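*Asks:* Before we start, here is the structure in question, set down as structure tokens.
What follows draws every value from the coordinates through simple rules; no lab data is involved. In this text the structure is predicted, and so the values were computed from the model without any measurement. Virtual Cβ from ideal backbone geometry, glycine too; neighbours counted across all protein chains shown.
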Amino acid sequence: MKLDVLAIAAHPDDVELSCGGTLLKMAEMGYRTGILDLTRGEMGTRGTPEIRAREASAAANILRVKVRENLGLPDSRLEVNEEFKRKIAERIRALQPHTVILPYWEGRHPDHYTAARLGYEGCFIAGLKQMPLKGEAFRPFKILYSAVYQDVTPSFAVDISSQFDKRRRAILAYKSQFNPPKSQKRSKVYLPLDQLEHEMNLITSYYGRMIGVRHAEPFVTREIQAVDDIVKMPVRSF
């Protein structure tokens, strides 16, 4: 199936937290959307890979994505190597997404920023005709980076006010992560999971106010965006 938008992230629930509202909005607009999780999240303190797989499926239904796949790469051991890049490149060739959303290229979790580089390089080599991969050579038109985890100035933000409630439902579908039994909350290691869903909601509220709406998700592009009509630009300067 050819996709219009594909979000690539390290773990199940990363996409929901970073760009779930945007994916849902695109689906509601009639675009074909998908998610490619690189790992099963097997090193997570809470839940199991099997539980998270069921939760990921439930969240995907809420976000109305057409495709959700998991490459089964090793959690907390992601690295930029030929094997991992080729696996991503073959899925890019198969799904042929016009736009790919990646995590921002810096971050607290090594898997997140490694996923950004893996995703970019996988998209690049997918377009090399001489690269011995399954499928025909293909390269996405646009690469976007989700900026919710970083204190950076976004290139733009997407109004997800109408999608916010369903986005939140998709996040909370991961009950093992965000609503676990009290016994699983006891840990000597600090887990940002206990505040993460709330913090992500605050971030979408912040960026929403920046563009004059209730909630928005921020994105960064490495290239300058083209604007043809400077009269109809929507965000006020004063």
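*Asks:* Whole-Hz Karplus ³J(HN,Hα) for the range 88-104, in order, using 6.51 cos²θ - 1.76 cosθ + 1.60 and θ = phi - 60°, x for Gly and Pro?
*Replies:* 5, 4, 5, 6, 5, 5, 6, 8, 6, x, 5, 10, 10, 9, 10, x, 5
*Asks:* Which residue, R209, R77, R108, tops the fluctuation ranking in a GNM of the chain built on C-alpha contacts under 10 Å?
*Replies:* It is R108.
*Asks:* Tell me the mean residue ellipticity at 222 nm calculated for the chain from its helices only (DSSP H runs of n ≥ 4, each -39500 (n - 2.57), averaged over every residue, nearest 500).
*Replies:* Helix contribution divided over all residues of the chain: -12500 deg cm²/dmol.
*Asks:* Near K85, which aspartates and glutamates are there with a Cα under 12 Å away, not counting those fewer than 8 places off in the same chain?
*Replies:* Hits, sequence-local ones excluded: E121.
*Asks:* Here's a follow-up. Taking the alpha-carbon distance from K175 and a cut-off under 27 Å, which lysines remain once sequence neighbours fewer than 8 residues away in the same chain are dropped?
*Replies:* Partners within reach: K25, K66, K166, K185, K188.
*Asks:* Let me ask something additional. Give the residue from A173, V220, G34 lying farthest towards the positive end of the charge dipole for the chain; charges sit on Cβ (+1 for Lys and Arg, -1 for Asp and Glu) and the dipole is referred to the Cα centre.
*Replies:* Towards the positive end, the residue furthest out is A173.
*Asks:* What share of Cα pairs, in percent, lie more than 21 angstrom apart in the range 89-170?
*Replies:* Counting every Cα pair in the range 89-170, those more than 21 Å apart make up 43 percent.
*Asks:* Antiparallel DSSP bridges in the chain: what percent, to the nearest 5?
*Replies:* Taking every DSSP beta bridge within the chain, about 25 percent pair in antiparallel fashion.
*Asks:* Name the residue, out of Y113, Y174, Y206, whose mean-square fluctuation peaks in a Gaussian network model built on the chain with Cα pairs under 10 Å.
*Replies:* Between Y113, Y174, Y206, it is Y206 that shows the largest mean-square fluctuation.
*Asks:* In Å and whole numbers, how far do the C-alpha atoms of the chain stretch along each principal axis, longest first?
*Replies:* Ordered largest first, the chain gives principal extents of 56, 53, 30 Å.
*Asks:* While we're looking at this one, here's another question. List, in order, the whole-Hz ³J(HN,Hα) value for each residue of the range 131-143 obtained from phi through the Karplus relation with A = 6.51, B = -1.76, C = 1.60 and θ = phi - 60°; use x for Gly and Pro.
*Replies:* 6, x, 10, 5, x, 7, 4, 7, 9, x, 6, 9, 10
*Asks:* Write out the GluC sites (Glu not before Pro) in the range 191-238 meeting two conditions: DSSP loop, and at most 10 other Cβ atoms within 10 Å of their Cβ.
*Replies:* The qualifying sites are E223.
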